[in-house]
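Each remark here refers to the structure printed beneath this line.
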Amino acid sequence: MSHFDNSAVSALLSHVRIVMVNTTLPANIGSALRAMKTMGLSKLVLVEPKTYPHPDIDALAAGATDLIEHIEIVPTLEAAIQDCHLVFGTSARSRTIPWPLLDARPAAEKSIQAIHTHQQEIAIIFGREDRGLTNEELALANYHVTIPVNTDYGVLNVAQAIQVLCYEMRMAALATMEAQPDPEATMHVTETESMHWDEPLVTHEQMEQFYPHLEKMLAEIEFLDPQNPRLLPLRLRRLFGRIQLDRMEYHLLRGIFSRVQALNNGTWHKSTDQTNKKDQNHA
């Protein structure tokens with residue numbers, strides 16, 4: 001590819017961040033950096049790594065040590081993905097309830113499409129070496145992503161899994177640049193339909209303010225039992241994670257939640273002017 005094309009691919013991939021949660025072995029961090037640079041990715045976020053910094057990171061990064069100074073260290077997974085629009089959690093097994101699940105290739109294609117059409121920020125979360133991601137951490141993702149491997153020996157360490165996902169991201173970016181699709185922003189509506197969109201999509205941080213508000217409203221109208229919520233909060237996360245609200249829809253729904261709360265606790269009343277106008281309209 002030409003230098004221009006490579007720069008364009010790198011620009012797409014700059015919107016993708018690799019997130020490693022509670023990584024124990026420094027060698028895996030170094031190997032991840034090398035895998036990322038090889039495929040043109042540069043953003044690595046570490047969530048409370050067990051050992052950092054460490055000489056093994058520099059040794060295993062071999063040629064990608066320039067990425068080390070750009071590593072972001074954060075205390076929580078929520079902080080790592082707060083400004084992201086689309087989040088993928090890697091998982092090798094089914095969890096509490098079914099979640100939208102994609103193989104590595106369609107996940108990469110969906111990511112690059114979101115970047116190309118909406119300049120969205122994408123996160124791919126990788127879990128601990130010994131037990132992966134918890135159910136609570138996976139619930140923060142819009143989609144779960146898995147790598148189709150030999151069912152008789154499906155063993156990949158975290159650095160190898162990162163290599164595979166980074167490769168698929170690069171291939172999807174290359175395909176997008178070669179296809180030269182319509183540059184006008186479109187929003188993916190169904191598997192075969194896209195349309196123009198007039199509002200930016202909300203970030204993960206905004207959705208983490210949305211869910212407590214929704215649950216509080218449902219509890220106040222006694223639809224949700226806070227002491228025994230069962231799977232309702234998870235199912236609501238799954239629902240809205242699939243939808244990807246835009247900014248107007250987000251504020252519209254939160255306005256509805258607030259109105260329901262006000263009506264429920266008796267703090268909202270129609271104003272006299274509103275009542276008079278309504279009467280005049282019906283006169």
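The values are calculated or read from the model by the stated rules, or taken from the named source; none is laboratory data. Just so we're clear, the structure is a prediction, and the values are computed from it rather than from any experiment. Please note: Cβ atoms are built from the backbone with ideal geometry, for glycine as well, and neighbour counts cover all protein chains shown.
Does ALA32 satisfy the criteria of being small (Gly, Ala, Ser) and within 26 Å of TYR143 (Cα to Cα)?
Taking the combined requirement at face value, the residue satisfies it.
In this structure, is THR176 surrounded by 14 or more Cβ atoms within 10 Å (Cβ to Cβ) and modelled with pLDDT under 95?
Here the answer is yes, as THR176 does meet what is asked.
Given the structure, is ASP103 of a type in the set (Asp, Glu), farther than 22 Å from GLU205 by Cα and modelled with pLDDT of 95 or more?
Answer is yes for this residue.
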